[in-house]
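Data block below; observations after.
The values are calculated or read from the model by the stated rules, or taken from the named source; none is laboratory data. Keep in mind that this is a model prediction, so the values were computed, not measured. A quick note on method: Cβ atoms are made from the backbone with ideal geometry, for glycine too, and the neighbour counts reach across all protein chains shown. The area values use the complete protein model at the heavy-atom level, side chains included, leaving out ligands, DNA and RNA. Shrake-Rupley method; radii C 1.70, N 1.55, O 1.52, S 1.80 Å.
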Amino acid sequence: MCGIVGYIGRREAAPIIVEGLKKLEYRGYDSFGIATVDGTLCLDKHKGRISENATRANQLKGRMGIGHTRWATHGVPNDVNAHPHLDCTGKIAVVHNGIIENYSELKRELLSCGHIFKSETDTEVVAHLVEEALARHTDLLRAVQEIVPRLRGSYALLVMTPGEERLIAARNASPLVIGIGDGENFAASDMTPVLEHTERALFLEDGDVASVTKGEIEIFNNSAPVTRKVELIDWSIEDVKKGGYPHYMLKEIYEQPLAFSNTVRSVDMEALQKTLKNPSAITIVACGSSFHAGQIFKYLIEGSCGIPARMEFASEFKYFPPPVEGLVIGITQSGETADTLTAIKQAKARNCRTLAITNVLGSTISRTADTTIFMQAGPEISVAATKSFIAQLAVMMQIINCLGQRKCDDMLQHAHQAIEEVLLMDLSEAVSLCKGARSIFYVGRGPFYPVCLEGALKMKEISYIHAEGYAAGELKHGPFALLSAETPAVAICMPGETYGVMLSNIKEMKARGAPVIAIGCMTDTELPDIADIFIGVPKSPMLVEVLTTLVVLQLLAYHTAVALGRDVDKPRNLAKSVTVE
């Protein structure tokens, strides 16, 4: 959520920060702001999109600055609540990602000391706390070091003031990366704003406070100097451009064959075998799309390997922790999902082995879990997860392959070809049916049930059509009451043990007037006669059919959203990385 960019160096800061913030738009936001230092503090902030309101911000002078895209948590989206926030003197500027949980207590204390607040945000208390500390120390680094122990919650902070040619960065439970340039340095929430300028970066850890000048980076933890490893990031700036596609989401859908293939090939099977150690049971913790990936994995590993798997919402795990033992797997695209990080920490505290599956090198979860497997999806810009979801499944299918004595090697090496086939499908008839619906039901059985949950999530995320996924056998236990000619159903009916009962479920929905879009094997002769619209996918092993049906549902959601004129890459109210609870 939100985005931070900071710059100090030999060039004008504002244009660099503006372009950097544009690259963070995918994270979700409702307002933005920039502050620079040019002898005095220069400030510009607005409600709305930076791409529409950046003219004045681009013109701010100074070779040091900080910027922010805000996703509202405390206070409505408006110009005043937008970051950066200033102290009473107007000389200290702060941007912040995260939530200061004890801000009310701190604000009352500061008000009693005569401080005047202008915004409704939790962040503004930081500026006033720094003001108090700076009056005692006259050194910005020492001031920030003094106040951060008083902050409860999550934060990535950048602080600056005229008279000191440096940015102060601080981090706790919210990501912050320092990009290392030549006579200039950068700070950002992730690598996307930095890639254009440098491939060298270091990632701050919880409790770190850094002093960043144009030529030097000093990092402290508990006021003691520490060293953080400089990483070389192998993403290119071309990876985060649209490449001629109308939306990042469509580009990323079409990148899925490569993302799946690259991820499958990147998994070190010998190292994975040592990590897994033939677990007697597995617990998976995740949120959102990653949770659905974990549910698919649960069905597949129990069916293929006979290993009991438990799926837990990471957001519930913290407050209602189940008894766990053995291996705990945390799945998070960004590696910064707050609830999943907390769950992994709790699992470690209970002496469980922990494995993280993430897409981001240097992310917090990769430094928290005992072992990390990195997906090879590359940067994913659109808020709706597509290629990262497929890459998560690639890792989990390799886990199944490893535990199943590598019987799936050949199938996984060639699965990307089946994904390529379904990318060429014409879904216009199904889109025409869906775009006029108020609600859509998605139904399937076995691993195709969580496939339906993910398909429904994609539809509601980007088209704003209400959609729900159900295990097909549950329809008669209540949801049948909602079926009508205005509620299409998308049914996944693949060959196998449940084929006959799925045909019966489809007939039952048809009998209640619901038009049915059926996804099945392209060689099926019975399903096309029953369904209103039939979508055939290549006949494949079940693991591959999971992938191809997922891609069909992604494309159905995408084209429906486009037909309705939605902002596909930046759906309303949503953020790419949920770094607060």
message: If I fit a long axis through the Cα atoms of helix 103-112 and take the longest principal axis of the Cα atoms of the chain, what angle between them do I get, 0 to 90°, rounded to 10?
response: 20
statement: Taking segment 442-581, the whole-percent share of alpha-carbon pairs separated by over 24 angstrom is 30
query: Along the Cα-to-C-beta direction of residue 111, a point sits 7 Å from the Cα; which residues of segment 118-151 have their amide N less than 18 Å from that point?
result: 118-129
Spacing of the two label points (7 Å from each Cα toward its C-beta) at residue 370 and residue 182, in nm: 4.5
message: Quick check: the angle from helix 288-305's long axis to the longest principal axis of the chain, C-alpha only, nearest 10 degrees?
response: 50
Globularity ratio of the chain, using Cα Rg and 2.2 N^0.38 Å: 1.01
- request: Convert 4 °C to kelvin, take the viscosity as 1.567 mPa s, use the Kirkwood radius over C-alpha pairs of segment 307-427 as Rh, and evaluate the Stokes-Einstein diffusion coefficient in µm²/s, rounded to a whole number.
  value: 82
- prompt: Quick one: length gained pulling residue 104 to residue 351 fully straight, 0.36 nm per residue minus the C-alpha distance?
  reply: 85.3 nm
query: Residues with beta-carbon under 10 Å from that of residue 387, excluding residue 387: net charge, scoring Lys, Arg +1 and Asp, Glu -1?
result: -2
message: Give me the one-decimal nm value for the distance between modelled label points at residue 435 and residue 529, 7 Å along each residue's Cα-to-Cβ direction.
response: 3.3
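Multiply the residue separation of residue 80 and residue 564 by 0.36 nm, subtract the distance between their alpha-carbon atoms, and state the gained length in nm to one decimal.
On the way: separation 484, 0.36 × 484 = 174.24 nm, distance 3.31 nm.
In short, 170.9 nm is gained.
Can you give the FRET efficiency to the nearest 0.05 for residue 425 and residue 499, using r as the Cβ-Cβ distance and R₀ = 30 Å?
Working: r = 21 Å, r/R0 = 0.71.
FRET efficiency, residue 425 to residue 499: 0.90.
What number, rounded to the nearest 500 deg cm²/dmol, is the helix-based mean residue ellipticity at 222 nm of the chain, given -39500 (n - 2.57) per DSSP H run of at least four residues and division by all its residues? Don't skip to the end; give the middle numbers.
Numbers: 20 runs with 209 residues, N = 581.
Calculated at 222 nm, the ellipticity per residue is -10500 deg cm²/dmol.
I'd like the GluC sites (Glu not before Pro) in segment 240-335 restricted to DSSP loop residues with at most 16 other Cβ atoms within 10 Å, sorted by number. Spell out each step's value before the answer.
On the way: sites: 252, 255, 270, 302, 312, 316, 325; in loops: 255, 325.
Here the sparse-neighbourhood loop sites are 325.
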message: Once you order the gyration tensor axes a ≥ b ≥ c over the Cα atoms, which shape class does segment 1-154 get: rounded for a/c under 1.5, otherwise prolate or oblate by comparing a/b with b/c?
response: oblate
- line: Measuring from the longest principal axis of the C-alpha atoms of the chain, the long axis of helix 338-349 (C-alpha) lies at a number of degrees, nearest 10, equal to 90
message: I need the P(r) histogram for segment 419-462: all alpha carbon pairs, bin width 5 Å from 0 out to the longest distance, whole percents.
response: 5, 18, 20, 28, 24, 5, 0
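With a cut-off of 8 Å between alpha carbons and a minimum separation of six or more residues, what is the relative contact order of the chain in percent? Don't skip to the answer; put the middle values down first.
Numbers: 1328 pairs, mean separation 69.5, N = 581.
With pairs under 8 Å counted, the relative contact order is 12 percent.
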query: So which GluC sites (Glu not before Pro) in segment 129-196 pass both tests, a DSSP loop state and at most 16 other Cβ atoms within 10 Å of the Cβ?
result: 165, 196
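Over the chain, give the accessible area per residue in Å² for a 1.4 Å probe, as an integer. Could you put the intermediate results ahead of the total?
Working: 22080 Å² over 581 residues.
It amounts to 38 Å² per residue over the chain.
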Rg/Rg_ref, segment 12-55, where Rg_ref = 2.2 N^0.38 Å and atoms are Cα: 1.15
message: Give me the three principal axis extents of segment 253-294 from the C-alpha atoms, as integers in angstrom, largest value leading.
response: 37, 27, 10
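Work out the FRET efficiency for residue 508 and residue 278 from their Cβ-Cβ distance, taking R0 = 45 Å, and round it to the nearest 0.05.
The pair residue 508/residue 278 has a calculated efficiency of 0.60.
Relative contact order for segment 433-486: what percent, with Cα pairs under 8 Å and sequence separation of 6 or more?
Values: 66 pairs, mean separation 20.9, N = 54.
Averaging sequence separation for qualifying contacts and normalising by length gives 39 percent for segment 433-486.
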FRET E, pair residue 271, residue 417, Förster distance 22 Å, beta-carbon r, rounded to 0.05: 0.25
